[in-house]
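The values are calculated or read from the model by the stated rules, or taken from the named source; none is laboratory data. Since the structure is predicted, the reported quantities are computational estimates derived from the model, not experimental observations. Here the Cβ is made from the backbone with ideal geometry for all residues, glycine too, and neighbour counts use every protein chain on show. Side chains included, ligands, DNA and RNA excluded: accessible areas come from the protein's heavy atoms. Shrake-Rupley method; radii C 1.70, N 1.55, O 1.52, S 1.80 Å.
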Amino acid sequence: MAAEALVVKLGGSLGGAEPALAEVAGYAGAVVLVHGGGPQIGAHLERLGFSTRFEAGERVTPPEQLEAVEMVLTRLGKWLAHALSERGRAAVAVSGRDAGFLRARAEARLGRVGRIERVDASLLFALLEQGYTPVVSPIAVDHEGALNVNADLAAAAVAGAIGWPVVFFTDVPGVLADPSDESSRYPVLARAEAEALMARGTIAGGMVPKVAAAFLALEAGAPWAAIARGEPGVLAGVAAGQAGTRLVLEPV
Ligand SMILES: Nc1ncnc2c1ncn2[C@@H]1O[C@H](COP(=O)(O)OP(=O)(O)OP(=O)(O)O)[C@@H](O)[C@H]1O
Ligand SMILES: [Mg+2]
């Protein structure tokens, strides 16, 4: 049986980490890769003398910072497309500006941050049908121009729109009961329990939008969603329920 088609979100926290890239490049099934860029954006904004602020794990993006954010994200997308292509998986980087395929409305309290409202999946399928792996940079558009989109939420919107499972690759092995103890991974986490962990602050920082995104993806039609560390063999491990954290709407 052919390997399952997947949306994979690559955390910016992984940078160009070889284990994660190798895992995506070598995966036997179709992939749509969505990437983040938190640390790279932070470093670039700092070089430019901007200060940054997060709200519930999401970067506030004042209009004057949007150009820098988009430059870093789209460069990263091109870098990833090249890196995958070099590893034998021909990839093409696109953002929501291309064919206007990600449309969003602005979440004004966060500046030029967008909530995706429409994904035109035909661009992704056109690339996939020709054998190319789409690499999606999380920039969407509205009537005024570009919007920064949290990459976890972008991956969720894409997975929901095309009805594929989504795996969030990050720098930890899954959702942890004790963030300082990697052996405390939840193999499965139901929504009510996850919400309690967020209220208690056990799930914090960048893990908040990631967990929220997993549930959004499930609600939007993704058959399953998981959070895992990007490393060799992990996609098969996640599919078999042996790696990462599976997020489920109802307790199993
Ligand atoms: N309960 C928890 N379990 C695991 N990680 C947690 C938890 N609470 C907070 N975290 C933090 O969440 C981080 C992952 O989110 P983060 O946003 O930093 O990375 P990313 O989403 O992979 O990258 P990017 O945001 O750049 O795309 C972990 O490195 C960890 O520090
Ligand atoms: Mg993040």
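So how long is each side of the chain along the principal axes, counting just the alpha-carbon atoms, biggest first, in Å?
45, 44, 31 Å, listed from the longest principal axis down.
Translational diffusion coefficient of segment 47-195 at 4 °C, 1.567 mPa s, Stokes-Einstein with Kirkwood Rh over Cα pairs, in µm²/s as a whole number.
After rounding, the answer is 76 µm²/s.
For ALA236 and TRP79 in the same chain, what is the full-extension length gain: residue separation times 0.36 nm, less their Cα-Cα distance, in nm?
Working: separation 157, 0.36 × 157 = 56.52 nm, distance 2.54 nm.
Stretched out fully, the ALA236 to TRP79 stretch lengthens by 54.0 nm.
Mind giving me the nanometre distance, one decimal, between the label points for GLU144 and ALA43, set 7 Å out from Cα along Cα→Cβ?
Each label point lies 7 Å from its Cα, and together they span 3.0 nm.
Among DSSP bridges having both ends in the chain, what percentage is antiparallel? Round to the nearest 5. Could you put the intermediate results ahead of the total?
On the way: 15 of 42 bridges.
Counting DSSP beta bridges with both partners in the chain, the antiparallel share is about 35 percent.
Please compute the length gained on full extension between ALA56 and GLU193, using 0.36 nm multiplied by the number of residues separating them and subtracting their Cα-Cα distance.
On the way: separation 137, 0.36 × 137 = 49.32 nm, distance 1.81 nm.
Extra length available between ALA56 and GLU193 comes to 47.5 nm.
Separation between the GLN130 and SER180 pseudo-spin-labels, each 7 Å from Cα along Cα→Cβ, expressed in nm?
Result: 5.2 nm between the two label points.
Are there DSSP H segments in the chain that both extend 20 Å or more along their axis (alpha-carbon positions) and score a mean Kyte-Doolittle hydropathy of at least -0.5? List them, or say none.
On the way: long enough: 63-86 (35 Å, 0.05).
What comes out of the filter, once short or polar helices are dropped, is 63-86.
Determine how large the accessible area of SER51 is when every protein chain is in place; take a 1.4 Å probe and give Å² rounded to the nearest 10.
100
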